[in-house]
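Undergrad: Here you go, one structure.
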Amino acid sequence: MLLGCVPGLAAVLALVLCANGVESTVGAAARADAVRPAVVHQAPRPRIVPRSAWLDDDTRHGQPPPRYDDRVVAVFVHHTDSPNGYDCADAPRIIRYLYAGQTGSRDWDDIGYNFLVDRCGTIYEGRAGGIDRPVTGAHTQGFNHRTTGIAALGTFTAGVPVPKAMTDAIAALAAWKLGLSDTDPRTKVRLTSSNSHSRYAAGTTAALPALAGHNEGYMTSCPGAALTARLPEIRQQAARLQGRSP
(Lines give C-alpha, C1' and ligand atoms only; values in the text may rest on other atoms or scores of the structure.)
Protein backbone atom coordinates (compact mmCIF):
# COMPACT_ATOMS: atom_id res chain seq x y z
CA MET A 1 0.00 0.00 0.00
CA LEU A 2 1.43 3.36 -0.97
CA LEU A 3 1.96 6.03 1.63
CA GLY A 4 -0.51 8.86 1.65
CA CYS A 5 1.93 11.69 1.26
CA VAL A 6 4.96 13.35 2.87
CA PRO A 7 5.59 11.52 6.19
CA GLY A 8 5.56 13.31 9.47
CA LEU A 9 7.21 12.87 12.81
CA ALA A 10 7.76 9.11 12.64
CA ALA A 11 8.58 8.46 9.02
CA VAL A 12 10.98 10.94 7.43
CA LEU A 13 12.95 8.13 5.78
CA ALA A 14 9.86 7.15 3.77
CA LEU A 15 9.84 10.46 1.93
CA VAL A 16 11.26 8.68 -1.09
CA LEU A 17 7.87 7.04 -1.59
CA CYS A 18 6.01 10.29 -1.67
CA ALA A 19 4.68 11.68 -4.90
CA ASN A 20 6.09 15.12 -4.48
CA GLY A 21 8.88 16.39 -6.68
CA VAL A 22 10.72 19.52 -7.62
CA GLU A 23 10.35 19.95 -11.33
CA SER A 24 11.94 22.26 -13.83
CA THR A 25 9.90 25.25 -14.78
CA VAL A 26 7.76 24.82 -17.86
CA GLY A 27 7.99 27.99 -19.85
CA ALA A 28 4.70 27.61 -21.63
CA ALA A 29 2.80 27.32 -18.36
CA ALA A 30 4.42 30.43 -17.00
CA ARG A 31 3.30 32.75 -19.83
CA ALA A 32 0.35 34.94 -18.99
CA ASP A 33 -2.68 34.80 -21.25
CA ALA A 34 -2.97 37.74 -23.61
CA VAL A 35 -6.54 38.45 -22.55
CA ARG A 36 -7.91 37.62 -19.12
CA PRO A 37 -11.65 37.50 -18.37
CA ALA A 38 -12.89 39.63 -15.50
CA VAL A 39 -12.99 37.81 -12.19
CA VAL A 40 -16.63 37.41 -11.22
CA HIS A 41 -16.63 34.80 -8.46
CA GLN A 42 -14.09 35.95 -5.90
CA ALA A 43 -14.13 34.59 -2.35
CA PRO A 44 -12.57 36.54 0.54
CA ARG A 45 -9.06 35.63 1.55
CA PRO A 46 -9.03 33.64 4.79
CA ARG A 47 -6.59 34.37 7.59
CA ILE A 48 -3.22 32.81 6.73
CA VAL A 49 -0.36 32.55 9.23
CA PRO A 50 2.92 33.61 7.57
CA ARG A 51 6.03 31.44 7.23
CA SER A 52 7.75 33.46 9.93
CA ALA A 53 5.56 31.68 12.51
CA TRP A 54 7.32 28.38 11.86
CA LEU A 55 10.60 29.26 10.12
CA ASP A 56 13.06 31.93 11.17
CA ASP A 57 15.50 33.55 8.79
CA ASP A 58 18.47 31.77 10.38
CA THR A 59 17.04 28.37 9.39
CA ARG A 60 17.02 29.14 5.68
CA HIS A 61 20.34 28.56 3.96
CA GLY A 62 20.95 29.23 0.28
CA GLN A 63 17.33 28.99 -0.76
CA PRO A 64 16.96 29.96 -4.44
CA PRO A 65 14.33 32.43 -5.62
CA PRO A 66 10.79 31.04 -5.92
CA ARG A 67 9.32 30.11 -9.30
CA TYR A 68 5.96 31.33 -10.55
CA ASP A 69 3.22 30.37 -12.98
CA ASP A 70 0.82 32.80 -14.61
CA ARG A 71 -2.16 31.74 -12.46
CA VAL A 72 -3.62 28.96 -10.32
CA VAL A 73 -6.46 26.94 -11.85
CA ALA A 74 -6.42 23.84 -9.62
CA VAL A 75 -5.83 22.83 -6.02
CA PHE A 76 -4.41 19.48 -4.89
CA VAL A 77 -5.31 18.35 -1.39
CA HIS A 78 -2.84 16.22 0.60
CA HIS A 79 -2.37 14.82 4.07
CA THR A 80 1.02 14.80 5.74
CA ASP A 81 0.83 11.19 6.97
CA SER A 82 1.78 12.36 10.47
CA PRO A 83 0.11 11.80 13.87
CA ASN A 84 -3.35 13.30 14.47
CA GLY A 85 -3.32 13.82 18.23
CA TYR A 86 -1.20 16.95 18.28
CA ASP A 87 -1.93 20.14 20.15
CA CYS A 88 -2.63 22.85 17.58
CA ALA A 89 -0.09 25.06 19.31
CA ASP A 90 2.50 22.55 18.10
CA ALA A 91 1.58 22.95 14.42
CA PRO A 92 4.49 25.34 13.67
CA ARG A 93 6.94 22.80 15.10
CA ILE A 94 5.39 20.00 13.02
CA ILE A 95 5.62 22.08 9.85
CA ARG A 96 9.22 22.93 10.62
CA TYR A 97 9.92 19.21 11.00
CA LEU A 98 8.34 18.52 7.61
CA TYR A 99 10.43 21.31 6.11
CA ALA A 100 13.59 19.82 7.63
CA GLY A 101 12.79 16.40 6.17
CA GLN A 102 12.11 17.71 2.68
CA THR A 103 15.06 20.07 2.52
CA GLY A 104 17.34 17.59 4.29
CA SER A 105 16.57 13.99 3.32
CA ARG A 106 15.22 14.97 -0.07
CA ASP A 107 17.52 17.93 -0.66
CA TRP A 108 14.65 20.11 -1.92
CA ASP A 109 15.00 23.87 -1.97
CA ASP A 110 11.92 24.45 0.23
CA ILE A 111 8.87 22.74 1.67
CA GLY A 112 6.76 21.41 -1.20
CA TYR A 113 3.27 22.46 -0.08
CA ASN A 114 2.03 25.97 -0.73
CA PHE A 115 -0.19 25.87 2.37
CA LEU A 116 -0.82 23.65 5.38
CA VAL A 117 -3.94 23.39 7.55
CA ASP A 118 -4.05 22.04 11.10
CA ARG A 119 -6.94 20.23 12.79
CA CYS A 120 -8.12 23.47 14.41
CA GLY A 121 -8.54 25.09 11.00
CA THR A 122 -5.50 27.35 11.13
CA ILE A 123 -3.98 27.94 7.70
CA TYR A 124 -0.21 28.31 7.39
CA GLU A 125 1.82 29.68 4.49
CA GLY A 126 4.13 26.92 3.29
CA ARG A 127 6.39 27.38 0.29
CA ALA A 128 7.99 30.81 -0.05
CA GLY A 129 7.10 33.29 -2.76
CA GLY A 130 4.05 35.19 -1.61
CA ILE A 131 0.62 34.10 -0.39
CA ASP A 132 -1.19 36.03 -3.10
CA ARG A 133 1.05 34.92 -5.96
CA PRO A 134 0.89 31.77 -8.15
CA VAL A 135 3.96 30.11 -6.63
CA THR A 136 5.07 26.88 -8.31
CA GLY A 137 5.06 24.23 -5.60
CA ALA A 138 6.55 20.74 -5.31
CA HIS A 139 3.53 18.77 -4.17
CA THR A 140 2.11 16.74 -7.05
CA GLN A 141 4.55 15.06 -9.42
CA GLY A 142 3.77 16.22 -12.96
CA PHE A 143 1.17 18.79 -11.94
CA ASN A 144 2.95 21.45 -9.91
CA HIS A 145 2.33 24.11 -12.53
CA ARG A 146 -0.78 26.29 -12.34
CA THR A 147 -1.75 24.50 -9.14
CA THR A 148 -1.59 25.00 -5.39
CA GLY A 149 -0.91 22.26 -2.85
CA ILE A 150 -2.84 22.29 0.43
CA ALA A 151 -1.70 19.76 3.05
CA ALA A 152 -3.88 18.66 5.96
CA LEU A 153 -1.69 18.02 9.01
CA GLY A 154 -2.42 14.43 10.01
CA THR A 155 -3.30 11.02 8.62
CA PHE A 156 -6.80 10.56 7.20
CA THR A 157 -7.09 6.96 6.12
CA ALA A 158 -10.43 5.10 6.11
CA GLY A 159 -12.41 5.50 9.31
CA VAL A 160 -10.39 8.41 10.69
CA PRO A 161 -12.52 11.46 11.58
CA VAL A 162 -11.67 14.59 9.63
CA PRO A 163 -12.20 17.73 11.76
CA LYS A 164 -14.84 20.10 10.41
CA ALA A 165 -12.60 23.07 11.21
CA MET A 166 -10.00 21.57 8.89
CA THR A 167 -12.38 20.96 5.97
CA ASP A 168 -13.91 24.42 6.42
CA ALA A 169 -10.44 25.96 6.20
CA ILE A 170 -9.52 23.94 3.11
CA ALA A 171 -12.76 25.05 1.43
CA ALA A 172 -12.15 28.71 2.30
CA LEU A 173 -8.56 28.62 1.09
CA ALA A 174 -9.44 26.81 -2.16
CA ALA A 175 -12.36 29.16 -2.81
CA TRP A 176 -10.12 32.20 -2.48
CA LYS A 177 -7.16 30.81 -4.43
CA LEU A 178 -9.27 29.47 -7.31
CA GLY A 179 -11.38 32.62 -7.30
CA LEU A 180 -8.31 34.61 -8.35
CA SER A 181 -8.63 32.90 -11.75
CA ASP A 182 -12.45 32.69 -11.56
CA THR A 183 -12.27 28.88 -11.49
CA ASP A 184 -15.29 26.94 -10.24
CA PRO A 185 -14.09 24.41 -7.61
CA ARG A 186 -16.70 21.91 -8.88
CA THR A 187 -15.51 21.84 -12.46
CA LYS A 188 -12.67 20.09 -14.24
CA VAL A 189 -9.68 21.85 -15.73
CA ARG A 190 -7.14 20.80 -18.33
CA LEU A 191 -3.61 20.37 -17.02
CA THR A 192 -0.56 19.14 -18.90
CA SER A 193 1.76 16.69 -17.17
CA SER A 194 5.37 17.79 -17.02
CA ASN A 195 6.72 14.52 -15.66
CA SER A 196 6.16 10.91 -16.69
CA HIS A 197 6.30 9.81 -13.05
CA SER A 198 2.75 11.12 -12.65
CA ARG A 199 -0.38 9.22 -13.69
CA TYR A 200 0.11 10.70 -17.16
CA ALA A 201 3.10 10.71 -19.48
CA ALA A 202 4.93 14.00 -19.87
CA GLY A 203 3.15 16.22 -22.37
CA THR A 204 -0.24 14.56 -21.84
CA THR A 205 -3.13 16.92 -21.18
CA ALA A 206 -5.67 15.55 -18.72
CA ALA A 207 -9.02 16.80 -17.43
CA LEU A 208 -8.69 16.83 -13.64
CA PRO A 209 -10.90 18.23 -10.87
CA ALA A 210 -10.17 21.85 -10.08
CA LEU A 211 -10.19 20.78 -6.43
CA ALA A 212 -8.52 17.39 -6.51
CA GLY A 213 -7.00 14.84 -4.21
CA HIS A 214 -3.30 14.13 -4.60
CA ASN A 215 -4.18 10.70 -6.00
CA GLU A 216 -5.83 12.29 -9.05
CA GLY A 217 -2.40 13.27 -10.34
CA TYR A 218 -0.13 10.59 -8.89
CA MET A 219 -0.33 6.90 -7.96
CA THR A 220 -0.82 7.29 -4.21
CA SER A 221 -3.47 6.89 -1.52
CA CYS A 222 -2.97 10.53 -0.45
CA PRO A 223 -4.96 12.38 0.89
CA GLY A 224 -6.35 9.26 2.56
CA ALA A 225 -9.75 7.64 2.07
CA ALA A 226 -11.46 9.66 4.80
CA LEU A 227 -10.34 13.05 3.46
CA THR A 228 -10.94 11.99 -0.14
CA ALA A 229 -14.54 11.17 0.79
CA ARG A 230 -14.99 14.74 2.03
CA LEU A 231 -13.79 16.39 -1.18
CA PRO A 232 -17.25 16.58 -2.85
CA GLU A 233 -18.65 18.62 0.04
CA ILE A 234 -15.49 20.73 0.20
CA ARG A 235 -15.98 21.57 -3.49
CA GLN A 236 -19.60 22.55 -2.89
CA GLN A 237 -18.68 24.68 0.10
CA ALA A 238 -15.90 26.40 -1.84
CA ALA A 239 -18.31 27.17 -4.68
CA ARG A 240 -20.80 28.70 -2.24
CA LEU A 241 -18.05 30.86 -0.79
CA GLN A 242 -17.38 32.12 -4.32
CA GLY A 243 -21.06 33.07 -4.62
CA ARG A 244 -21.86 30.48 -7.25
CA SER A 245 -25.32 28.98 -7.74
CA PRO A 246 -25.92 25.41 -6.49
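The values are calculated or read from the model by the stated rules, or taken from the named source; none is laboratory data. The shown structure was predicted, so the numbers you read here are calculated from the model rather than taken from an experiment. Here the Cβ positions follow ideal geometry from the backbone for every residue, glycine too, while neighbour counts run over all protein chains shown.
Undergrad: Looking at the range 129-149, is at least one residue in contact with a Ser or Thr (Cβ under 8 Å, 6 or more places away or on another chain), free of Cβ contacts under 8 Å to residues at least 60 places away in the same chain and surrounded by fewer than 24 Cβ atoms within 10 Å (Cβ to Cβ)?
TA: No.
Undergrad: Provide a single number: the residues in the range 195-207 that are surrounded by fewer than 23 Cβ atoms within 10 Å (Cβ to Cβ) and either of a type in the set (Ser, Thr, Tyr) or in contact (Cβ under 8 Å) with a residue 40 or more places away in the chain (or both).
TA: 8
Undergrad: Hey, does the range 179-193 have a residue that's in contact with an Asp or Glu (Cβ under 9 Å, 6 or more places away or on another chain), under 20 Å from His79 (Cα atoms) and crowded, with 22+ Cβ neighbours inside 10 Å?
TA: No, the range 179-193 contains no residue that is in contact with an Asp or Glu (Cβ under 9 Å, 6 or more places away or on another chain), under 20 Å from His79 (Cα atoms) and crowded, with 22+ Cβ neighbours inside 10 Å.
Undergrad: Among the residues of the range 41-76, write down those that are modelled with pLDDT under 85, loosely packed, with under 11 Cβ neighbours inside 10 Å and not acidic (Asp, Glu).
TA: His61, Gly62
Undergrad: Scan the range 129-176 for residues that are in a helix (DSSP H, G or I) and under 11 Å from the mean Cα position of the chain (by Cα) and jot them down.
TA: Selection gives Ile170, Leu173, Ala174.
Undergrad: Would you call Phe115 in contact (Cβ under 8 Å) with a residue 60 or more places away in the chain, crowded, with 24+ Cβ neighbours inside 10 Å and either over 24 Å from Pro44 (Cβ atoms) or more than 15 Å from the chain's Cα centre (by Cα) (or both)?
TA: Judged against the criteria, Phe115 is not a match.
Undergrad: Pick from the range 119-128 the residues that are of a type in the set (A, V, I, L, M, F, W, C) and in a loop (DSSP other than H, G, I, E, B): which of them is modelled with the highest pLDDT?
TA: Here the residue is Cys120.
Undergrad: Scan the range 98-109 and give yes if some residue there is farther than 20 Å from Asp132 by Cα, outside any helix (DSSP H, G or I) and among the β-branched types (Val, Ile, Thr), otherwise no.
TA: no
Undergrad: For Ala165, which of the numbered conditions (1) crowded, with 24+ Cβ neighbours inside 10 Å; (2) closer than 19 Å to Thr122 by Cβ fails to hold?
TA: It fails just one condition, (1).
Undergrad: Okay, moving on. Of all residues in the range 208-246, count the ones that are over 18 Å from Trp176 (Cα atoms), in a helix (DSSP H, G or I), among the hydrophobic types (A, V, I, L, M, F, W, C) and in contact (Cβ under 8 Å) with a residue 60 or more places away in the chain.
TA: Matching residues across the range 208-246 total 3.
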